[in-house]
Amino acid sequence: MRDASADSVNDDGATATDQGDVSRSAARRSDRRHVLHPWSAHGTLQPVVVAGAAVSHLWDEDGRRWLDFSSQLVNVNVGHQHPKLIAAIKMQAEKLCTVAPYHANEATSEAARLIAELAPGDLNRVFFTNGGAEAVENAIRMARLHTGRHKILAAYRSYHGATAGAIAATGDPRRWASEPGAPAIARFWGPYPYRSAFHSADAAQECERALAHLADTIMVEGAQGIAAILLETVVGGNGILDAHGIIMIADEVMAGFGRCGEWFAVDRWKVVPDLITFAKGVNSGYVPLGGVIMSDAIAANFETRAYPGGLTYSGHPLACAAAVACIGVYKDEGLIARARLLGDEVIAPALQAMQERHPSVGDVRGLGAFWAIELVRDRATREPLVPFNASGAADAPMAEFAADCKRRGLWPFVVSNRMHIVPPLTIEEKDLREGLAIIDEALCVADRYYAGSGL
Ligand SMILES: Cc1ncc(COP(=O)(O)O)c(C=O)c1O
């Protein structure tokens, strides 16, 4: 490894300026030359080289700092570099780094016991994966084996991961490039009061109509052939599903483990699904981990018959030790209740005030520490600030808004015409208020694109 401060040549003999890159960082040069980042065009990406992070801040090699309002990809729920997670990973590394998944070990057993204890109803057994997409793949497999049926119903405007089955189930533009994908997936519209597919007047009517639409979809798709309905959020469709023997898979990869102010988002509505997929917050992403929690009835399928699926790293000891420590931190620091408190007392009122001040804020919604503002060009027509699936020049208003946040020291989570407010659950209240004040200022950039009538 060459001196990071030398800007002459990198490990491949290319100069930094050869690559149009004025950074002196060896990490940046090697990244530009050798790393392909997810969902990105290599030539247009200028990644920040993150040098360090602590709690809700991260910084680069030049000492620029940002307040992390993204929890990275909504996974670092306990914040960056939590000492208890670091200690647990170190201890486990010294004891047992890795072992084949056909063995038992203390870390995996304890993580599974804790997760089963937290899960609702009789969801008592855990199949571990490396992340969320594999969790979805395995939940689909389990539902098919349990029901002997094949079809999966999934919602539009959903994301379930980027592996073959999970991307096929995904109901947003990220799926398009992978089509034609896995067969036997049918789609329905979920409830979305601000942009109702059912012309509903309010949230209650939206739920009613979304449920009627789901019942119609089940009817025309053939209930007897449907293995499962895969849902990112709860629509209260459990009654319908029970009647047809359809499995309910709650995809809690992002919503679970405290983000919504509950251990699992379904707890908010006292819904007990048949399968829950989890990842991200289970160990705050310190070591990759995901999984499926299954009901006793589904687990019973695999008492005498082998489960036909596996992964070399299923139940990886380092990842599971981090999960045990992470769940301990959620409990010891009261983070589940804190997520609710921060949402109710700080985030919600601040965002509502922004909606009153900034015409571009069309909608504010959320729960726990999981909030979004939706930006529009016109409140009356609800035309989004940027068109559906915008990129390049068409996406400029959102790109400028995000860039302004970063300039002011906030790392935002911006998707389409929305900003998600998803900080670590450990964020200090003064930092949370400071970040919200930055968003308030940056919204003036979005307001410049507003074309509707005033407030
Ligand atoms: C709801 C949901 N399901 C699945 C996934 C995929 O998880 P992963 O990226 O760990 O494969 C994500 C990722 O953001 C998600 O939000």
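The values are calculated or read from the model by the stated rules, or taken from the named source; none is laboratory data. Here the structure is a predicted model, which is why all the values come from computation and not from measurement. Backbone-built Cβ (ideal geometry, glycine too); neighbour counts: all protein chains shown. Ligands, DNA and RNA are stripped out before the accessible areas are found, and what is left, the full protein with its side chains, is counted by its heavy atoms. Shrake-Rupley method; radii C 1.70, N 1.55, O 1.52, S 1.80 Å.
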**Prompt:** When segment 85-105 is examined, which residues are found to be exposed (fewer than 15 other Cβ atoms within 10 Å of the Cβ) and touching a Cys at 6+ places or on another chain (Cβ under 9 Å)?
**Reply:** none
**Asked** K406 is checked against (1) assigned to a helix (DSSP H, G or I); (2) open to solvent by less than 50 Å² (accessible area, probe 1.4 Å); (3) over 18 Å from R259 (Cβ atoms); (4) of a type outside the set (S, T, Y) and fails just one. What number does that condition carry?
**Response** (2)
**Prompt:** away from the ligand (no atom under 16 Å from the Cβ) and of a type in the set (K, R) - does that describe any residue in segment 180-188?
**Reply:** no
**Item:** Residue ranges of helices (runs of 4 or more DSSP H) in segment 35-140 with at least 1 members farther than 25 Å from A255 by Cβ
**Value:** 83-95, 106-118
**Prompt:** Is it the case that some residue within segment 131-138 is away from the ligand (no atom under 12 Å from the Cβ) and either among the charged types (D, E, K, R) or free of Cβ contacts under 8 Å to residues at least 60 places away in the same chain (or both)?
**Reply:** no
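Any residue in segment 95-105 that is within 16 Å of the ligand (Cβ to nearest atom) and either out of contact with any helix residue (DSSP H, G or I) (no Cβ under 9 Å at 6 or more places or on another chain) or touching a residue at least 60 places away in the same chain (Cβ under 8 Å) (or both)?
Within segment 95-105 (the criterion being within 16 Å of the ligand (Cβ to nearest atom) and either out of contact with any helix residue (DSSP H, G or I) (no Cβ under 9 Å at 6 or more places or on another chain) or touching a residue at least 60 places away in the same chain (Cβ under 8 Å) (or both)), the answer is no, since none of the residues qualifies.
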**Message:** Quick check on E400: is it open to solvent by 50 Å² or more (accessible area, probe 1.4 Å) and closer than 27 Å to V50 by Cα?
**Reply:** yes
**Count of segment 165-185 residues which are open to solvent by 50 Å² or more (accessible area, probe 1.4 Å) and either touching a residue at least 12 places away in the same chain (Cβ under 8 Å) or not in a helix (DSSP H, G or I) (or both)** = 5
**Request:** Return the pairs, sorted by first residue and then second, in which the second residue is hydroxyl-bearing (S, T, Y), the first residue lies in segment 57-70 and is modelled with pLDDT of 95 or more, the beta carbons are less than 7 Å apart, and the residues are 6+ apart or on different chains.
**Result:** L67/S56; D68/S56
**Item:** Residue list for segment 25-48, restricted to those being over 26 Å from A369 (Cα atoms), surrounded by 15 or more Cβ atoms within 10 Å (Cβ to Cβ) and not hydroxyl-bearing (S, T, Y)
**Value:** A26, A27, R28, R29, D31, R32, R33
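Which of the residues spanning segment 186-199 are of a type outside the set (F, W, Y), under 17 Å from R365 (Cα atoms) and part of a loop (DSSP other than H, G, I, E, B)?
The answer is G190, P191, S196.
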**Fill in**
Reported set for segment 156-169 where residues are within 20 Å of R418 (Cα to Cα), touching an Asp or Glu at 6+ places or on another chain (Cβ under 7 Å) and either more than 7 Å from the ligand (Cβ to nearest atom) or acidic (D, E) (or both) is R157, S158
**Prompt:** Do we have G79 as under 30 Å from V271 (Cβ atoms) and touching an Asp or Glu at 6+ places or on another chain (Cβ under 9 Å) here?
**Reply:** yes
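Is it the case, given these coordinates, that P317 is away from the ligand (no atom under 16 Å from the Cβ), open to solvent by less than 10 Å² (accessible area, probe 1.4 Å) and more than 24 Å from R340 (Cβ to Cβ)?
Details: away from the ligand (no atom under 16 Å from the Cβ): yes; open to solvent by less than 10 Å² (accessible area, probe 1.4 Å): yes; more than 24 Å from R340 (Cβ to Cβ): yes.
So P317 fits the description; yes.
Considering only segment 425-436, how many residues are touching a residue at least 12 places away in the same chain (Cβ under 8 Å) and either assigned to a helix (DSSP H, G or I) or over 26 Å from the mean Cα position of the chain (by Cα) (or both)?
7
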**Request:** Of the conditions (1) crowded, with 17+ Cβ neighbours inside 10 Å; (2) under 23 Å from the mean Cα position of the chain (by Cα), H358 clears all except one; give me its number.
**Result:** (2)
**Complete:** When every residue in segment 200-235 that is surrounded by 17 or more Cβ atoms within 10 Å (Cβ to Cβ) and part of a loop (DSSP other than H, G, I, E, B) is compared, the one modelled with the lowest pLDDT is V235
